[in-house]
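The values are calculated or read from the model by the stated rules, or taken from the named source; none is laboratory data. Fair warning: this is a prediction, and the values are worked out from it, not measured in the lab. Note that each Cβ is placed from the backbone with ideal geometry, even for glycine, and that neighbours are counted across all protein chains shown. For accessibility, only protein heavy atoms count, side chains too; no ligands or nucleic acids. Shrake-Rupley method; radii C 1.70, N 1.55, O 1.52, S 1.80 Å.
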Amino acid sequence: MGMNTNASAQSLLPLPEPPPDNRTFINHSVWFVDNDGYRVVFCRHEPLHRVGLGDTVHLRSVAVWLHQSELATQEEICRAFGHDVSTQARWERQFRQHGMDGLLPKKRTGRPCELNKSQMQCIRRWFHAGVSNRQMAKQLGVGESTIRRSLRRMKLMQQQGVLQPSLPNLQDATPAATVETHRDNVQINERPAEVVETTAVVDQMPPTVEETPAVPSVALTVKKTTLEGETESALPFSLDRDPHNRSNDRVVARLGLLEDAAPLFADAECLYRAGALLAVPVLAEHGLIEAFAKVYHSIGPAFYGLRTIVVTLFLGALLRIKRPEHWKEFRPEELGAILGLDRAPEVKTVRRKFTRMAAMERGKELMEELARRRIAADEDRVAFLYIDGHVREYHGKFPLFEAKKAQRQVVTPAATDNWVHDAHGEPLLIVTSEVNAKLTQVLEPILADVRRLVGDQRRMTVVFDRGGFSPKLFARLIATGFDVLTYRKGKTRKLPVARFVPQRQKIDGTWREYTVCDRPRVRVGTLPAKERKEGKKAKSGKHYLWMREVRVLREDGRQTAIFTNREDLSAVMVAWRIFYRWRQENYFKYAGEEFALDALLEYGVDDLAEETDRRNPQWQKLTRRLQKARAEVARLQSELGKEAAANEETLRPSMRGFKIAHAQLRQQLQKAETQVERLLKQRANTPKRIQASDLKTLKTEKKLIADAIKMAAYQVETELLSMLQDHYARADEEGRTLLHAAFQSPARLEVTEDELRVTIARQSSPHRTAAIAALCAQLDAQAVSFPGTQLRLRLAVQAAEPGIS
C-alpha cells in the first residue's frame, strides 16, 4: 500500500525539463550552458552557479571551486573552460593565499582591446553563425587582425569548411519600395558606444543566433521616389519582425549602422492613449518633421533617431507630458506601442537627445525654418503681425536682468521672449534676447528677420501694445514698408459722446459692432531731423508725425484710442484687429498651463557679450531720490503760495513782513532746493549705463527646441479645432476639451500589409462621439502614412453597441 502511494505521489511530481542541447560537458555529471550572456553550471540537472560571461573573477572562482569540491579534475575543467593546467594551478594557489583578490586579473601591459563588449558579443554570435572574419571586420570597420585577436581572447577558433550564410533578400520584404544601400552616408565609429545609446536590456539579454539574421552589410533604408525622379524621403528598414522585441535593431544601432528605428506596430485590442494618433495626419502636413530633418539632418546612429524623437515629443505634448521628467510617470511599453516601438524613450534618453541637438546651436535656424514653411503654406498669415514680449520669471541662484511681470505687478529676475503671432493669432516665431530690452528696442530687428523670411517687399501691418509706442519708431517702420497699429499712450482728453457713432461689419462670418469716433488726422509727436520725411512742418518750425486715430467708446464710459497709418481699413476692422491682440495673451496663459511654456528645461547660464551694458543701479537710485526731492520742493512752493494768497494785508502789508512770518517755511524750501541741486550734480557725475559683466543670461537652445515642438502641437490642435467646427456646436467653448479627451482615449490597433487601422473608443456622450467620428472621417480622407512607414493611417471611432443611443 505504501509503495503504491509513493508511486502515485511520484507520478504527480513535475517531470524534469530536458537538458538544453548546447551543453558543454566537463565530465559525465557536470556541464555548463552559455546563454544570454551568462554561464550556468549544472551537476546532475541541479544548477550550481550562474555567472556573467564578462565577470572574469567569478568565472575563475567557479573553476577553482569545481576542483576543490572534487566534482572535476583540473584537466577536465581546463578542457571545458579553455585554459591551461598551469593557469588552473596558479588560480588555486592565488586563491589560497589572497582569496578572491588573488583572482583579479593583472593590469595588461600589451596592446589594449579595440572593441567594446557589445561588439565582442556580436563577434561571438557571428562566429557561431559561420560568418567569415572578413565580413565581421567589414561590419565593424576594423582590420581582420583585430577580429582574429578578439576570437583568440574568447577562445574561439574559426572552423574550416563551414558555408558562409548569405544576406537576406530584403527586396522580397519590401515589394512596393526600392531597397538601397548607402554605406557612404553612414560613418562607422570604432567606438560606437560613445556616440550611440541603447537600453541596458541589450547588454543583459543579447539576441540569440536564431533571432539574428545574417550580418547586415550596410545600413538599410527604403526611399520613396517622386514622379520627377527626386528622392522625397528615406524610410528606415527594420531587421526585426516582432514589434515587441527590437533587440536586433538596437544592436545594429550600437554598431553605428542605424540612424533611426523603423516603426513596427502590433495588433492591440485596447491601447491606452492611442487616441493621440488622431493628430498624426495633420502633423504629416504641418512640416515639423521635415523642418527638423532639414536643420539637424541627423543626431548620429541611434535606435531613437531624429524622426522618432520628434514624433515622440510631439505626441507627448498632446498627451500633456509637459517636461522630460514626466516621462517616468508613464509606462514605456504603452507609449512605445503608440509610436511603433517596443518601448518609448525614458527620461535620460530624452535629455540626451535634447543635449545633442542643443550642442549644434541651431535653435534659431529651426524657428525660422518652421516660420518659413508656415508663411509659404499661407501668405496671408503675415498680413498682420502681433508682436509682444513674454516674461518668464526666474527663481534660481544666477544673477539675471530684472523685468516687470505684468500679471503680478512685480519686478523680478526674469528672461523675456519676444513672440511674433500671425494674422490668425497663432504663434509664428520666437526671438530671444540676452537682455530684457524694451519693445521699442527689439521691434526693428524682429521685423528685419520677418522681412528676410517673407522674402519680398509686401506691406505688413504690425500690431503691438503701448510698450512699443514711439513716434520716432513709427516713422522708421512706415519708411521701411511696415504699417503700424497700436494703442495711444498717455493721458488723453475725452471726446464728447455725441461724436461717437455705432458701426458694424461682418468679419470672418461674425458681425462685429463698436461705437467709434474716427479722426483721420491727429498729431502723434515731434520728429527729429532724420525722420522728418514722414512729418510735415508746422508753423512753429517743428515737424510732426500725423496718424489716424480710431477711438472706441466702451460700455463703462472709457475711451480707447488707437493709432494707425492705414486709411483703407474700416474703423470696425481697426478696432477688431487691435482687440484681437488678446489672442496672444490667451496663448501665453493656455500654453503655460497646458504645455508648461515657462518651464526651465536646463540649468545653467551663459556669459553676456562684452559690449552688453545695463542701467547703473546707482544712477537709478539717485533718480528716485531726485524725484522725491523735486516733489518736496513742489509741495513747499504750493504751500507757500497758498499762504501768500491767504495773507491779510492789514496784518502784513509788506512782503518783508510776509517773509518774516513764514521764515520757517522758506527755510524748508531753501533746504529742499539745495538738496535738488546737490542730487543733480551727483547724478551728473554718475554714468547712466555700466557694463553688465556681473549678470548672466539663461541658456536658450533647449528652450527653443521645446518651444518649436509645443508651438507645433498647439498649431495642430488648432487645426483640428477648426475642422471640428462643422461637427460640434460648442466647438468654441468645449472644442479643445473634447480633443484632449480624444487624445487620452484608448483605441484598437489593427495592422495589415499597407494600413494601420486605429479605432478610437467612444466618448462620454453620443454627440461627442459623433463629432470625433466625423473628424476621423475627414482626416481619413487625406490618405496620410504614419511617419517613417508606408502604412496608411485609417482612423475611425468604435461603433455604438446595439440598443444604446
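Things worth noting here:
- Long-range tail of P(r) for the stretch 20-71 (Cα pairs > 18 Å, %): 24
- The Stokes-Einstein estimate for the stretch 670-717, based on a Kirkwood radius over Cα pairs and taken at 10 °C with 1.306 mPa s viscosity, is a diffusion coefficient of 101 µm²/s.
- q = 0.15, 0.18 Å⁻¹, the stretch 285-340: log10 I(q)/I(0) [Debye, one scatterer per Cα]: -0.48, -0.68
- Out of every Cα-Cα pair that the stretch 574-704 contains, those further apart than 19 angstrom amount to 73 percent.
- Asp267 sits with roughly 110 Å² accessible to a 1.4 Å probe, with DNA, RNA and ligands left out of the calculation.
- Relative intensity of the stretch 232-313 on a log10 scale, I(q)/I(0) at q = 0.15, 0.17, 0.25 Å⁻¹, equals -0.63, -0.80, -1.29, per a Debye sum over C-alpha point scatterers of equal strength in the absence of solvent.
- Dipole check for the stretch 256-362: with +1 at the C-beta of Lys and Arg, -1 at the C-beta of Asp and Glu, and the Cα centre as origin, the magnitude is about 560 Debye.
- Placing Thr440, Thr697 in order of accessible area, with the largest value first and a 1.4 Å probe, yields Thr440, Thr697.
- Note on the stretch 574-726: dipole from Cβ charges, positive end direction compared against Tyr603, Ser638, Ala575; the farthest Cα belongs to Ser638.
- Divide the volume of the convex hull around the Cα atoms of the stretch 41-149 by the residue count and you get 136 Å³ per residue.
- Seen from all directions on average, the stretch 555-614 presents a Cα convex hull projection of 9.1 nm².
- Rg over Rh for the stretch 717-762 works out to 1.09, both radii taken from alpha-carbon positions and Rh defined as the Kirkwood radius.
- The alpha carbon gyration tensor of the stretch 407-473 gives principal lengths a ≥ b ≥ c with a/c of 1.5 or higher and a/b greater than b/c, which makes the shape prolate.
- Globularity index of the stretch 375-426, i.e. its alpha-carbon radius of gyration over 2.2 N^0.38 Å: 1.55
- Cα-Cα separations in the stretch 299-402 greater than 21 Å, expressed as whole percent: 54
- Accessible surface for Glu673 stands near 70 Å², nearest 10, in the context of the full protein assembly shown (1.4 Å probe).
- Using only alpha-carbon positions in the stretch 464-530, the gyration tensor eigenvalues give semi-axes of 27, 18, 11 Å once each is multiplied by 5 and square-rooted (largest first).
- Exposure rank, largest accessible area first [Val85, Val716; 1.4 Å]: Val85, Val716
- The stretch 635-738: chymotrypsin sites (Phe, Trp or Tyr not before Pro) falling in loop per DSSP and having at most 12 other Cβ within 10 Å: none
- For the set Tyr38, Tyr304, solvent exposure ranked by accessible area (probe 1.4 Å, protein chains only) runs largest to smallest as Tyr38, Tyr304.
- Square roots of 5 times each gyration tensor eigenvalue, C-alpha, the stretch 658-799, largest first, Å: 70, 24, 11
- Each principal axis of the stretch 452-498 carries a Cα extent, and these read 45, 22, 16 Å when sorted largest first.
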